[in-house]
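Trainee: Dumping the structure here so I can ask a few things about it.
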Amino acid sequence: MLLQVQNLRVSYDGIRALHGVDFNIDAGEIVTIIGANGAGKSTTLRAISHLVQVEPGSRITMEGRDLLKLPADQVVSRLGISHVPEGRRLFGNLTVLENLQLATFARHDSAAVKKDLKRVFATFERLAERKDQKAGTLSGGEQQMLAVGRALMSGRRLMLLDEPSMGLSPLLMSRVFESLKEINREGTTILLVEQNARMALKFAQRGYLLENGEIVRHGPTERLLNDPEVKKAYLGG
Amino acid sequence: MTYFLQNLVNALQWGSFYALIALGYSMVYSILMLFNFAHGDIFMVGAYIGFGVASALVAFNSLGLVVLPGWLLLVLTILVSMLLTSFVGMLVERIGYRPLRDAPRASAAITGLMIGIILETGNLALLGAQRVRLPTMIQSVTYDLGGVFITNKKIMIVLVSLGLMLTLHQFVRRTKWGMAMRAMAYDYAVVPLMGVPLNKIAAMTFAIGSALAAAAGILYGVAYPVLDPYMGIVFGWKAFVAAILGGRGSIMGACLAGFLLGFIEIFVTMVFPSTLRDLIAYGIIMLILVFRPHGFFGEAYSARLRL
Ligand SMILES: Nc1ncnc2c1ncn2[C@@H]1O[C@H](COP(=O)(O)OP(=O)(O)OP(=O)(O)O)[C@@H](O)[C@H]1O
Ligand SMILES: [Mg+2]
């Protein structure tokens, strides 16, 4: 088991957003968490990246190691967990290239870094053309590509993706998802959070359904796609 | 005209002091959104450390343990003192500010003022009330450029300051640590997602700011050798004004505003009695801020997000 999350509880200002969430991911898998607005999907990812404080009793382990004991930057640099946060959160004052370079801050394998950079530019040619442009001036779709590219540079064991399809045209969306499939084939495990449940379930192998901070269903995605309740609530009948 | 040029040189010298100190305020503000109100006293500590280092070096020299020319003594004094003072800055960050990272900004400001008092009174306790003199390391040489008298010290002070500013500029533009600083200024919360240790960058920023303040302290001591434990207060506030005037968090702005401050102060005394200098000079700056509340290069950092 690559990542194991047990009894995850998170509160914002005393209001609980996650009420003891359990799930796990095996190496090489694509897993998705779907749910309505405010269900707690982003909060789950933030807890893994230490962007929010978890409550006592929560457990998150990566290959048996207690992830919560590591400082936030080492979750990335030592465990290889990268995170494409909700809303992209690029550094708009840095250039495209600098955004990608910053993501390799703790990496010392400069040959591999170069190779990864080449691959990001090969996948997203638009970024290569605009590498010296400030990230803040990119179009929405280009920004999303850069957000995914940045995650590719920082860690390749497990990638946490928070709504990567947001704001993308259908064509670009399929491009991004194609490249994610390829990244997965090369060995990166993916945890995908999406509002677009149909697309997420088609893309992933296993899924978890999050409702009001609790996992209410989980299983292989074919089963969830055919589940009448899921169909009715999340797939538009 | 020669009178004007003469004052221009003086203005550049004073501007150098303000600019070097203002940089520390600006850098810390841009990455941590706090004003380190102990920074003026770090300038004082830097000058005193310079006094200690220079005295030791000069003593070694006169004992014949080392035989170094005066300019090399000065260079060594500046470098060693910058290094030592950077540790003081890191200590202040670690003990004073890191525990307050998520506390209201007012708590951090009060802490800064208290650290300042500790540094001043600590110095008094350590060295007593009498003032100390920075040993003379280079002899003054005055050049007469068509009626404008310029000393080698003034030229040195301005050139060294400009060199340090350019070095900092390159560091922030070109290195990955500088890149991390710029990223922190833009969106602090997501920087750890890049594998960047926030605490190290914060400590480094304090270290750099303190080292620059130490350089300012020693350069000041070269021009005006008598040091006292409260010398950092007025300098600290004026440099803080320069940091605000330059635009919060802007390196370029802090430098320019530091020099502008020097110019305004010196040129006010060309026209008015020197007792009115600060009153008029800072009146002018207040007027500028009324029309440009964000300073020269200040962005309204309202878009700063927190997760
Ligand atoms: N910074 C915050 N402060 C207070 N409450 C928050 C904060 N962030 C999230 N919440 C609350 O926590 C709950 C879960 O939010 P979360 O962002 O995890 O939802 P989500 O499933 O990602 O929703 P969406 O699909 O809209 O992105 C919501 O009720 C939200 O209002
Ligand atoms: Mg969300």
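Read the figures in this text as sums done on the coordinates, not as results from a lab. Keep in mind that what you see is a predicted model, and the values were worked out from it rather than measured. Heads up, the Cβs are rebuilt from the backbone with ideal geometry, glycines too, and the neighbour counts pull from every protein chain shown.
Trainee: May I ask you to sort A:SER169, B:SER86 by Cβ crowding, counting other Cβ atoms within 10 Å and putting the fewest first?
Mentor: Ordered by Cβ neighbours within 10 Å, fewest first: A:SER169, B:SER86.
Trainee: What 222 nm value per residue comes from the helices of chain B, counting each DSSP H run with n ≥ 4 as -39,500 (n - 2.57) and dividing by all residues, nearest 500 deg cm²/dmol? Working shown, then result.
Mentor: Details: 10 runs with 213 residues, N = 307.
Result for chain B, helices only: -24000 deg cm²/dmol.
Trainee: Could you list A:LEU100, B:LEU193, B:LEU8, A:LEU171 in order of exposure, starting from the residue whose Cβ has the fewest other Cβ atoms within 10 Å? Before the final figure, lay out the partial values.
Mentor: On the way: A:LEU100 25, B:LEU193 29, B:LEU8 15, A:LEU171 9.
Listing A:LEU100, B:LEU193, B:LEU8, A:LEU171 from fewest to most nearby Cβ atoms yields A:LEU171, B:LEU8, A:LEU100, B:LEU193.
Trainee: Shifting gears a bit: Going toward the positive end of the dipole of the range A:147-237, with +1 on Lys and Arg Cβ and -1 on Asp and Glu Cβ, which of A:ASN196, A:TYR208, A:SER169 do you reach last?
Mentor: Farthest towards the positive end: A:SER169.
Trainee: Still on this model: If contacts are Cα pairs under 8 angstrom and at least 6 residues apart, what is the relative contact order of chain A in percent?
Mentor: Values: 438 pairs, mean separation 66.0, N = 237.
Rounded, it is 28 percent for chain A.
Trainee: Rounded to the nearest angstrom and ordered from largest down, what semi-axes does the equivalent ellipsoid of chain A get from its C-alpha gyration tensor (root of 5λ)? Present the calculation step by step, with values, prior to reporting the outcome.
Mentor: Working: eigenvalues 156, 91, 53 Å².
Equivalent ellipsoid semi-axes, largest first: 28, 21, 16 Å.
Trainee: If amide H atoms are built 1.01 Å from N in the plane of the peptide, which residues on other chains or at least 5 residues away come under 5 Å of the amide H of A:VAL84?
Mentor: Counting only residues 5 or more places away or on other chains, the set is A:LEU160, A:LEU161, A:ASP162.
Trainee: Could you work out, residue by residue across B:182-192, how many beta carbons of other chains sit within 10 Å of that residue's beta carbon, and then give the average as an integer? Write out the running numbers ahead of the final one.
Mentor: Values: counts 5, 8, 1, 2, 8, 6, 0, 5, 10, 6, 11.
Neighbouring Cβ atoms belonging to other protein chains average 6 per residue here.
Trainee: Along the three principal axes, how long is the range B:30-145 when you take its alpha carbons, biggest first, rounded to the nearest angstrom?
Mentor: Projected onto its principal axes, the Cα set of the range B:30-145 covers 53, 38, 26 Å.
Trainee: Related question: Using alpha carbons only, how many angstrom separate the centre of the range A:37-99 from the centre of the range A:207-225?
Mentor: Centre-to-centre (Cα) distance: 22 Å.
Trainee: Would you calculate the convex hull of the Cα atoms in chain B and tell me its volume per residue in Å³? Let's see the in-between values first.
Mentor: Values: hull volume 45.1 nm³, N = 307.
Here the figure is 147 Å³ per residue.
Trainee: In square nanometres and to one decimal, what's the mean projected area of the convex hull around the Cα atoms of the protein assembly as shown?
Mentor: Working: hull surface 122.7 nm².
That works out to 30.7 nm², a quarter of the Cα hull's surface.
Trainee: Using the Cα centre as the reference, give the magnitude of the dipole from point charges on the C-beta atoms of the range B:70-181 (Lys, Arg: +1; Asp, Glu: -1; all else neutral), rounded to the nearest 20 debye. Don't skip to the answer; put the middle values down first.
Mentor: Working: 11 positive and 4 negative charges, 56 e Å.
Using only the charged Cβ atoms, the result is roughly 260 debye.
Trainee: With charges set only on the Cβ (+1 for Lys and Arg, -1 for Asp and Glu), what does the dipole of the range B:189-307 come to about its Cα centre, in debye to the nearest 20? List each step's numbers first, then the result.
Mentor: Numbers: 7 positive and 4 negative charges, 78 e Å.
Charge dipole of the range B:189-307: 380 debye, to the nearest 20.
Trainee: Towards the positive end of the charge dipole of the range B:2-304, with charges on Cβ (+1 Lys, Arg; -1 Asp, Glu), say which of B:LEU84, B:SER26, B:TYR188 has the farthest Cα.
Mentor: Positive-most Cα among the choices belongs to B:TYR188.
Trainee: Quote the relative contact order of chain B in percent (integer), defining contacts as alpha-carbon pairs under 8 Å separated by 6+ residues.
Mentor: Details: 468 pairs, mean separation 115.0, N = 307.
It rounds to 37 percent for chain B.
Trainee: About the Cα centre of chain B, how large is the charge dipole given +1 on each Lys and Arg Cβ and -1 on each Asp and Glu Cβ? Please answer in debye to the nearest 20. Provide the component values of the computation, followed by the final result.
Mentor: Working: 19 positive and 10 negative charges, 129 e Å.
Computed about the Cα centre, the dipole is about 620 debye.
Trainee: For A:GLU211 and B:THR151, FRET efficiency with R0 = 56 Å and r from the beta-carbon atoms, rounded to 0.05?
Mentor: Values: r = 77 Å, r/R0 = 1.37.
Between B:THR151 and A:GLU211 the formula returns 0.15.
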